[in-house]
Amino acid sequence: MNVPNGGAPLSGQTALVVRGDCGIGAVAAEAFAAAGAKVLLNYPHESAAADRIAQRIRVKQGQAMIFQADVSRESQISSMFDVLAAYWGRLNVLVTNADLALAVPTGGIDQEQWREMLRQNLVEQFLCVRQALKEFAERGGQTATAAAPSNIICVSTFLRGPSDNEQPYYAVCKADMAGLCKAWVSAHGQENADKSVGLPTAKRFIEIWNGLPASDSVALLSPDPEQIVKTAVGLAVPAA
């Protein structure tokens with residue numbers, strides 16, 4: 001993958017990629033490492049896939065670690081953030097993504113399936129973002145600058161509204177996540193989700209849907225994870 005602006009624009013920064021062992025998370029992990037960031041890949045169960053991705057990063061002279069955590073459990077999320085801080089210092093970039101879609105027609109989903117979709121697509125992202133906010137406040141307040149801002153990036157390859165007939169419940173989860181992102185942005189005084197502002201910790205929330213910043217008026221359906229991740233990396237690069 002080509003890195004925006006070439007070279008290593010994220011050199012010296014750290015990135016935590018939730019579900020960095022598969023799908024768009026795996027693409028994100030390699031892309032952020034290629035841009036110079038030290039990357040911690042989260043995986044939920046088996047380590048083989050995450051380890052392969054980390055090895056690919058290291059072969060290219062990047063830095064990567066893997067960490068097993070069930071990100072629906074607050075204690076495990078906290079431990080994951082603590083490990084990153086112990087090895088590399090403060091967190092700069094959190095990348096989250098939803099990872100469960102069920103092709104269930106309207107009215108065909110049962111309660112257990114619905115709970116699992118909410119857990120994986122909404123609750124887990126919420127808990128990780130909340131922990132990142134806590135970390136930024138406790139550890140990053142004195143060190144984050146415009147040259148090394150703190151970023152929270154929520155990515156998706158899917159529509160952000162309940163308009164898809166094949167996966168309506170997944171679309172509802174994405175719409176809810178969009179609402180959460182907008183609420184976080186509003187709560188932290190930012191006018192635009194893709195603009196960095198001079199807050200004490202230089203926090204920036206970036207919500208990317210189908211390869212475009214959420215502030216764009218038209219969201220195009222792009223199933224290409226590399227295009228989405230390229231946008232994410234570009235937005236995480238500090239302003240010149």
Within the range 105-126, can one find any residue that is surrounded by 15 or more Cβ atoms within 10 Å (Cβ to Cβ), touching a Gly at 6+ places or on another chain (Cβ under 8 Å) and either at pLDDT below 80 or within 20 Å of F32 (Cα to Cα) (or both)?
no
Out of the residues in the range 51-88 meeting the condition of being touching a residue at least 60 places away in the same chain (Cβ under 8 Å) and of a type in the set (A, V, I, L, M), tell me which one is farthest from A15 (Cα to Cα).
M80
Collect the residues in the range 38-67 that are closer than 26 Å to L122 by Cβ and crowded, with 16+ Cβ neighbours inside 10 Å, keeping them in residue-number order.
V39, L40, L41, N42, Y43, P44, A49, A50, I53, I66, F67
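The values are calculated or read from the model by the stated rules, or taken from the named source; none is laboratory data. These numbers come from a predicted model, not from an experiment. Because the Cβ atoms are built from the backbone with ideal geometry, glycine has one as well, and the counts that use them run over all protein chains shown.
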